[in-house]
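Visitor: Please read through the structure below; I'll follow up with questions.
The values are calculated or read from the model by the stated rules, or taken from the named source; none is laboratory data. Bear in mind that the values here come from a model prediction, so they are computed numbers and not experimental data. Here Cβ is always computed from backbone atoms with ideal geometry, including for glycine, and neighbour counts include all displayed protein chains.
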Amino acid sequence: MSAAGKGRIETVVTYLEMTGPPAGAPLPPPRAGLEVRRAVQPTTGFYRYLYDAIGRDWVWYDRKLLDDAELAAIVQDSRVEVNVLWADGVPAGLAELDFRAPPDIELAYFGLLPEFIGQGLGGLLLDWAVRHAWRSRPRRFWVHTCDLDHPRALSVYQKAGFRIYDRRVELARLP
């Protein structure tokens, strides 16, 4: 990554896809007290809390540029699922699935709150998201990540069965 002008940074974006459902059994939870629940019609305040808490260390900024009406139009769309991993009643992660471009499904946002990283919950949530997406029988399930994300993001996606199909150098705006 290199500086690319005031307020912009060069980043390598990797695009990954899965063109068939996963084989084998679902991952077992690493501990009790975990559940994934869809936040149906999430408020923008709740969504911004998750987005900011998860993305703070990884330069997530796109959704911060949206006003509440623009954000609500996305996260409250019936074709977008905001799935939250709960650990003992506390939000621990996010798996946002975007069904708006059929027959494909995008894993639009995925991550854990910092306090939950390193507990085996990322693999569990990703496995859940993959299996959940494939219940809809998409042509493909895809995601993108960049070198500004968690250092293990790319390897976690690959371990879950995603394959790289493109890589691009892009300019990202700094928040």
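Visitor: Quick one: which strands (runs of 3 or more DSSP E) sit completely within region 1-92 and have at least 1 residues that are within 17 Å of the chain's Cα centre (by Cα) and farther than 18 Å from Y157 by Cα? Let's see the steps before the verdict.
Guide: Numbers: elements: 8-18, 34-38, 80-87.
So the answer is 34-38, 80-87.
Visitor: Please go through region 96-123 and pick out each residue that is surrounded by 22 or more Cβ atoms within 10 Å (Cβ to Cβ) and farther than 19 Å from P42 by Cβ.
Guide: Across region 96-123, the qualifying residue is only G122.
Visitor: Among the residues of region 18-37, is any surrounded by 13 or more Cβ atoms within 10 Å (Cβ to Cβ), among the β-branched types (V, I, T) and closer than 19 Å to L124 by Cα?
Guide: Yes, there is a match, as at least one residue in region 18-37 is surrounded by 13 or more Cβ atoms within 10 Å (Cβ to Cβ), among the β-branched types (V, I, T) and closer than 19 Å to L124 by Cα.
Visitor: Still on this structure: Looking at the structure I just gave you, is E81 in contact with a Leu (Cβ under 7 Å, 6 or more places away or on another chain), farther than 25 Å from R173 by Cβ and either surrounded by fewer than 16 Cβ atoms within 10 Å (Cβ to Cβ) or at pLDDT 95 or above (or both)?
Guide: Working: in contact with a Leu (Cβ under 7 Å, 6 or more places away or on another chain): yes; farther than 25 Å from R173 by Cβ: yes; either surrounded by fewer than 16 Cβ atoms within 10 Å (Cβ to Cβ) or at pLDDT 95 or above (or both): yes.
Here the answer is yes, as E81 does meet what is asked.
Visitor: Could I ask something else about it? Kindly evaluate A172 against the criterion of being assigned to a strand (DSSP E or B), modelled with pLDDT under 95, farther than 19 Å from P30 by Cα and small (G, A, S).
Guide: Details: assigned to a strand (DSSP E or B): yes; modelled with pLDDT under 95: yes; farther than 19 Å from P30 by Cα: yes; small (G, A, S): yes.
Against the criterion (assigned to a strand (DSSP E or B), modelled with pLDDT under 95, farther than 19 Å from P30 by Cα and small (G, A, S)), A172 qualifies.
Visitor: Quick one: is V130 touching a residue at least 60 places away in the same chain (Cβ under 8 Å) and more than 28 Å from L171 (Cβ to Cβ)?
Guide: Details: touching a residue at least 60 places away in the same chain (Cβ under 8 Å): yes; more than 28 Å from L171 (Cβ to Cβ): yes.
So V130 passes the test.
Visitor: Residue by residue through region 140-162, note down the ones that are in contact with a strand residue (DSSP E or B) (Cβ under 6 Å, 6 or more places away or on another chain), over 27 Å from L66 (Cα atoms) and surrounded by fewer than 18 Cβ atoms within 10 Å (Cβ to Cβ).
Guide: R140
Visitor: Also, quick follow-up: Looking at region 131-151, is at least one residue part of a helix (DSSP H, G or I) and either in contact with a Ser or Thr (Cβ under 9 Å, 6 or more places away or on another chain) or within 19 Å of W60 (Cβ to Cβ) (or both)? Break it down into steps so the answer makes sense when it comes.
Guide: If we filter region 131-151 for residues that are part of a helix (DSSP H, G or I), which is where we start, we get 131-134.
Now drop any that are not either in contact with a Ser or Thr (Cβ under 9 Å, 6 or more places away or on another chain) or within 19 Å of W60 (Cβ to Cβ) (or both), which leaves none.
No.
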